[in-house]
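Quick notes on the structure that follows.
The values are calculated or read from the model by the stated rules, or taken from the named source; none is laboratory data. These numbers come from a predicted model, not from an experiment. When we count neighbours, we look across all protein chains shown, and the Cβ atoms used for this are built from the backbone with ideal geometry, even at glycine.
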Amino acid sequence: MSARNPLTIVPSPVIPDRTPSFTAGMQRALADRKKLFATALDIMGKQADTLSEIASLLVDALHNGGRLLIAGNGGSAAEAQHFATEMVGRFKRDRQALAAIALTADTAIVTAIANDFGFEEVFARQVEAYGRQGDVLIAFSTSGESENLIRAARMAIKRGIPVVALTGSRASRLAAIAYLSFQVPTADTPLAQELHTVVLHLLCDVVESSLSL
C-alpha cells in the first residue's frame, strides 16, 4: 500500500500592482467637457425660442389627448425610451400619467418589421399603426440621416402628425422635413447625445409643470 502524498500548499504568486492611474486623464477630460458644455449651453440659450415652440407643441398635444411617439437608433434609442419613461412615469412631480410610446422598445415588433420589411421600415410601420392626428413624432438622431427615421417622419407627415427632430449641428434630411427641429451645436456624437439629454430634461420639466396644474 503506497503512502499518500502530504497536502502541498502552493503559495499564491505575488502580482505587482500595475494598475495604471487614470486620475490625471479623467481630470483633463472633465475640464475639457466643462468647456465644451459651457460653450454649447451658451449657444443653445440663443435658441430658446425653438425649444419653447417644441415644448408648446408637446403640451398642446398631450393636453388634447394626443400622444408622443418617440424614436431613435443606438444611443438615441435610449434617449427615446428615457423620454417616454419620464412622461409615463414622472420627471419631478406627482401628476397624471402622460401618453408617450418609445417605438424602440418592443423588440418583437422591431425585429419582425426588420425581418419582413427591412430595418428602414421599423419606425414608419409603427407610425402607420399607432399614429393619429393630434400626436407628435419626436425623432432623435445625431446625424439626422438615419433612413428609418426619415421614413418615419414622412409617414407622420402623410398622416398629419407634426415631426420634431432633435439632431446634431450638421444640415440633414431629417431636420429639413421636420415641422420643428433643434440642432445641438456639435457634430460629435457622444457630446450630441449628452446635449440631447439636457434638451429632453428641459422639455420634460416644462411639459410636466404645465400639465400638473
Study note, to complete from the structure: Note: among Ala192, Ala156, Ala152, Ala187, just one is farther than 23 Å from Val59 by Cβ and touching a strand residue (DSSP E or B) at 6+ places or on another chain (Cβ under 9 Å), namely Ala192
Check your understanding: Just to be sure, is Gly66 closer than 16 Å to Gln193 by Cα and either surrounded by 18 or more Cβ atoms within 10 Å (Cβ to Cβ) or in contact with a strand residue (DSSP E or B) (Cβ under 7 Å, 6 or more places away or on another chain) (or both)?
Key -> no
Practice item. Collect the residues in segment 115-146 that are crowded, with 16+ Cβ neighbours inside 10 Å and assigned to a helix (DSSP H, G or I), keeping them in residue-number order. Key: Glu120, Glu121, Ala124, Arg125, Gln126, Val127
Check your understanding: Restricting the search to segment 89-114, which residues are surrounded by fewer than 15 Cβ atoms within 10 Å (Cβ to Cβ) and under 19 Å from Leu57 (Cα atoms)?
Key -> Gln96, Ala97
**Study point:** Which numbered condition Val198 misses (of (1) among the β-branched types (Val, Ile, Thr); (2) surrounded by fewer than 17 Cβ atoms within 10 Å (Cβ to Cβ); (3) more than 17 Å from Ile70 (Cα to Cα))
**Key:** (3)
Study note, to complete from the structure: Glu86 meets each of (1) surrounded by 15 or more Cβ atoms within 10 Å (Cβ to Cβ); (2) of a type in the set (Asp, Glu); (3) outside any helix (DSSP H, G or I) with one exception, condition (3)
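Does Arg170 satisfy the condition of being more than 28 Å from Gln47 (Cα to Cα) and in a loop (DSSP other than H, G, I, E, B)?
Judged against the criteria, Arg170 is not a match.
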Exercise for review: Identify the residue in segment 68-83 that is within 11 Å of the chain's Cα centre (by Cα) and part of a strand (DSSP E or B) and, among all such residues, is farthest from Val207 (Cα to Cα).
Suggested key: Gly72
Practice item. Could you list all residues from segment 55-83 that are over 20 Å from Tyr179 (Cα atoms) and either of a type in the set (A, V, I, L, M) or at pLDDT below 95 (or both)? Key: Ala77, Ala78
Check your understanding: Of all the residues that make up segment 182-213, how many are in contact (Cβ under 8 Å) with a residue 40 or more places away in the chain and farther than 30 Å from Ala29 by Cβ?
Key -> 7
